[in-house]
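Notes follow once the structure below has been shown.
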Amino acid sequence: MYILTFDVEEWFHLLDNDSTKTEKEWRNYEVRIYDNMERIFRILEDTHTSATFFVIGWIAKTYPDIVKRIAEKYEIGSHTMNHQLVWQQKQAEFKKDVYASVNLLEDITGKPVKYFRAPGFSIRESEPWAFETIQECGIEYDCSVFPAHHAHGGFPSYGKSKPSILVYGGKEIKEFPINTKSIFGKPVIFSGGGYFRLLPYRILKQWTQESNDYLISYIHPRDLDAGQPIIRDLPLIRKFKSYVGLHTAETKMRRWLSDFQFVDLSTAAKEISWESVPKIHLK
């Protein structure tokens, strides 16, 4: 099972960086989301692939026509309203943010929003209340768990990268965790972001084949934008991870979707026997 998802952000929506942190800074940057989304639509049409799009509420508020365009053919989930790390927020603040994004996306599309992904996979073991919160906002399926230690969060006690049902506060939510691969003992995500762009296609293809029972991707529009400006004040390592492999990413993406049959989350959810998956009780 291969699941294709996109995190719909602008090219400057980078976490942990002061010059790209909030809406106040975002107004200073050029708009590239239209061209980047058109590129994604062409790739999906050319490869006859479905996908789920996690949209930042700020994108929906600023460019509602993009959300309407996505909703014409594809399903939409929430990526929060303001793209902030979950563990940096209080529960009430986080709930207000998610509720606002879900309401806005539903108002624009006229469809219920059932899917959620936290920015930076930033729900940690110490914030289990986040799963209860998103369930209260109408979310049925979460895609926020990084089942290892991670700079923005991490949930190492989760176990293997397989779907499960998370239980907290008497509420249940279905979980699609991100996949990881160990490189020199370090868990990394190869199905999106910097490692997707960095890896030679033969390795990406091999690791995808090895994950044939379950793989979920996370691609950003900026991951395919070879012409995007460089944010100069990024630390050197962060700059490398943000811009490596951009010139070959679209070609790699097209090969990937041609070589493997990807589906959206609703299709994947129907194929899973949820009564048979593990139930993980959070404390």
Note to self: Of everything in the range 167-188, what is in contact (Cβ under 8 Å) with a residue 12 or more places away in the chain, more than 23 Å from A249 (Cα to Cα) and not charged (D, E, K, R)? Give them in sequence order.
What the structure shows: V167, Y168, G169, I173, F176, P177
Margin query: Suppose we keep only residues that are closer than 20 Å to F131 by Cβ and of a type in the set (G, A, S) within the range 267-283. Which one would you say is surrounded by the fewest Cβ atoms within 10 Å (Cβ to Cβ)?
Written below: A269
Next item on the list: Pick out the one residue from S217, S211, S191, S164 that is touching a Lys or Arg at 6+ places or on another chain (Cβ under 8 Å), within 30 Å of P278 (Cα to Cα), of a type in the set (S, T, N, Q) and in contact (Cβ under 8 Å) with a residue 12 or more places away in the chain.
Entry: S164
Check: Just wondering, is there one or more residues in the range 205-224 that are under 14 Å from the mean Cα position of the chain (by Cα) and part of a loop (DSSP other than H, G, I, E, B)?
Finding: yes
Check: Looking at the range 81-137, which of its residues are under 19 Å from K21 (Cβ atoms), out of contact with any Gly (no Cβ under 9 Å at 6 or more places or on another chain) and not in a helix (DSSP H, G or I)?
Finding: Q84, Q89, K90
Checklist line | Considering residues of the range 152-161 that are in contact with a helix residue (DSSP H, G or I) (Cβ under 8 Å, 6 or more places away or on another chain) and in contact (Cβ under 8 Å) with a residue 60 or more places away in the chain only, the residue farthest from A130 (Cα to Cα) | finding: H152
Notebook entry, point to check: Tally time: how many residues in the range 248-274 are under 18 Å from Q209 (Cα atoms), of a type in the set (D, E, K, R) and over 20 Å from the mean Cα position of the chain (by Cα)?
Noted result: 2
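Here, each number is a calculation from the coordinates, and none is a lab measurement. Just so it is clear, the model here is predicted, and its values are computed rather than measured. Here the Cβ is made from the backbone with ideal geometry for all residues, glycine too, and neighbour counts use every protein chain on show.
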